[in-house]
Amino acid sequence: MEEPASHPAAAVPAAPPAVVFYMTTTASTLKLKTEISRVTQILGANGVAYEEVDLSLQPGRREEMVGASGVRLLPQLHCAGRYLGDFDALQELEDAGELGPLLRGELLLD
């Protein structure tokens, strides 16, 4: 009986890094509501899967967020356990064309 030919294992593509969007549905200012809405639009436009954490519904997750970023302000975006920044930082990354590749794991974090 012939043995089956051995084939090198196919390279399994790495899973994209986990993306977590910390926000609240009880935003108290128009600026915060606008920033949360804009981040949601940016994530959708980049086709990135993400976990949305509404801290008004999950207040216990605030410690996790602050522990990773050292920042209490919202909205925040984290990728692969690292804080990417607040709205202004995310908008700068998006404007530079770097946010999508970063979130998909195509661009490494510094």
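Bear in mind these aren't lab numbers, they're just calculated from the coordinates by the rules spelled out. Just so it is clear, the structure is predicted and the values come from calculations on it, not from any experiment.
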Check your understanding: What is the gain in length, in nm to one decimal, between LEU30 and ARG61 on full extension, counting 0.36 nm per residue of separation less the C-alpha to C-alpha distance?
Key -> 8.8 nm
Study note, to complete from the structure: Stretched fully, the stretch from ASN46 through VAL71 gains (0.36 nm per residue minus C-alpha distance, one decimal, in nm) 6.5 nm
Check your understanding: Based on the Kirkwood radius over alpha-carbon pairs, what value in µm²/s does the Stokes-Einstein equation return for the translational diffusion coefficient of the range 19-103 at 25 °C and 0.890 mPa s?
Key -> 192
